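A.B. asks: Structure in structure tokens, see below.
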Amino acid sequence: MNKQIIVTASVLGALAVIAGAFGAHALRSSLPPKQLEVWQTAVQYQFYHVFALLFLSTFSRFKNNTIISIYYLFTFGIVLFSGSLYLISCRGLFGMPGLAALGPVTPIGGLLFIIGWILLALSAIRNK
């Protein structure tokens, strides 16, 4: 098991639980349904990739650059994809409509996710 990956996944997993609970309880009455849906999408994708990180941690015996790259791709994908969606969904609460400018950051995070998944598949194919 890779300790760094597990610690990162654990922290991001705890934050996903907090964000999910915060959205379900504190934001439900403050955000319009569309913005709350954006918040929930951020939580879902964060959880998906936390589980992917935990799965990745089982490959510690390989300790190669590809596994490390996938770790960073998933981690930064969470920060950019979910992080931008969290901020965008709450822009009205913050009184900062300019946060909508973060919109182009979200697909960059999604692209990092996609590249990470492709590298994971290629790693599996190359492994003997």
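A.B. asks: Enumerate the calculated ³J(HN,Hα) couplings along region 89-98 in order (Karplus 6.51 cos²θ - 1.76 cosθ + 1.60, θ = phi - 60°), each rounded to whole Hz, writing x wherever the residue is Gly or Pro.
C.D. replies: Values per residue, Gly and Pro as x: 5, 9, 4, x, 5, 7, x, 10, x, x Hz.
A.B. asks: Continuing with this model, one more query. Run the helix sum for the chain: -39,500 (n - 2.57) per DSSP H stretch of 4+ residues, divided by residue count, reported at 222 nm to the nearest 500 deg cm²/dmol.
C.D. replies: On the way: 6 runs with 94 residues, N = 128.
That comes out to -24000 deg cm²/dmol.
A.B. asks: Using per-residue counts of other Cβ atoms within 10 Å, averaged over each peptide, order 28-39, 102-113 from highest down.
C.D. replies: 102-113, 28-39
A.B. asks: Using the Cα centre as the reference, give the magnitude of the dipole from point charges on the C-beta atoms of region 3-126 (Lys, Arg: +1; Asp, Glu: -1; all else neutral), rounded to the nearest 20 debye. Let's see the in-between values first.
C.D. replies: Details: 7 positive and 1 negative charges, 51 e Å.
So the magnitude is around 240 debye.
A.B. asks: Taking only Cα atoms of the chain, what ratio of Rg to Rh do you get with Rh as the Kirkwood inverse-distance radius? Please list the in-between numbers first.
C.D. replies: Numbers: Rg = 16.0 Å, Rh = 15.3 Å.
Reported Rg/Rh, Kirkwood definition of Rh: 1.04.
A.B. asks: Which whole DSSP H helices in the chain pass both tests: a Cα extent of 24 Å or more along the axis and a mean Kyte-Doolittle value no lower than -1.0? Walk me through the numbers on the way to the answer.
C.D. replies: Numbers: long enough: 3-25 (33 Å, 1.48); 33-57 (36 Å, 0.34); 105-126 (32 Å, 1.93).
Those that clear 24 Å and a mean of -1.0 are 3-25, 33-57, 105-126.
A.B. asks: Any idea what the relative contact order of region 9-128 is, in percent, if you count C-alpha pairs under 8 Å spaced at least 6 apart?
C.D. replies: Working: 110 pairs, mean separation 32.9, N = 120.
Computed over region 9-128, the figure is 27 percent.
Computed from the coordinates by the stated procedures, all read-outs in this text should not be read as laboratory data. Not measured: the values here are computed from a predicted model. Cβ: placed from backbone, ideal geometry, glycine included. Neighbour counts: every protein chain shown.
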